[in-house]
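Take a look at the structure below.
The values are calculated or read from the model by the stated rules, or taken from the named source; none is laboratory data. Because the structure is predicted, anything quoted here is derived from the model rather than measured. Cβ: placed from backbone, ideal geometry, glycine included. Neighbour counts: every protein chain shown.
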């Protein structure tokens, strides 16, 4: 499958943090002419996925907040776009890991390195690993693999950060990520 641009988002939290998916998300994805959309969990309500499907085929994984309406979502997905192997996970881990992370967050702050390592370890063969949960946007190389967290398009939990989504640009085996702040 040849997909030159993939839209990426996570942590939409509709309706608990926002009443609806911000229209800027759809505007960014349409302007980029994405041919697929990946949602890294904490969708909360199925209407978010329906709105995204109006733009492009959409795949999503279950986040820690997707317990009522979207329990049927997988916890992880692997797919290949062109020649690029992509792993998609929310990143909160098991209940024990989630509680341990909460304790660490309370004691020392958000354990970002722990979330990044967990996501990378979940997909040892992937060229690109996408995760959410932290609401902290990043696209960076870890060795030969691209690690991407699109942040959150709604009211980020870090007040100094804007709402964001990400775009993956894929050309053959070459891939790069772009964090897109929403206006």
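Overview of results
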{"item": "Among the candidates 66, 16, residue that is modelled with pLDDT under 95 and within 21 Å of residue 162 (Cα to Cα)", "result": "16"}
{"item": "Contacts under 7 angstrom Cβ, first residue in segment 7-18 being free of Cβ contacts under 8 Å to residues at least 60 places away in the same chain, partner part of a loop (DSSP other than H, G, I, E, B), 6 or more apart", "result": "15/45"}
{"item": "Test result for residue 165, modelled with pLDDT of 90 or more, within 19 Å of residue 39 (Cβ to Cβ) and in contact with a strand residue (DSSP E or B) (Cβ under 9 Å, 6 or more places away or on another chain)", "result": "yes"}
{"item": "All positions within segment 54-78 that are closer than 23 Å to residue 121 by Cα and either part of a strand (DSSP E or B) or in contact (Cβ under 8 Å) with a residue 60 or more places away in the chain (or both)", "result": "59, 60, 63, 64, 76, 77, 78"}
{"item": "Residues satisfying the stated conditions in segment 62-74, i.e. under 29 Å from residue 173 (Cα atoms) and surrounded by fewer than 16 Cβ atoms within 10 Å (Cβ to Cβ)", "result": "74"}
{"item": "Top-ranked residue of segment 155-183 - restricted to ones that are part of a loop (DSSP other than H, G, I, E, B) and in contact with a helix residue (DSSP H, G or I) (Cβ under 9 Å, 6 or more places away or on another chain), ranked as surrounded by the most Cβ atoms within 10 Å (Cβ to Cβ)", "result": "163"}
{"item": "Qualifying residue in segment 41-53 (condition: assigned to a strand (DSSP E or B), within 24 Å of residue 145 (Cα to Cα), free of Cβ contacts under 8 Å to residues at least 60 places away in the same chain and touching a strand residue (DSSP E or B) at 6+ places or on another chain (Cβ under 7 Å))", "result": "no"}
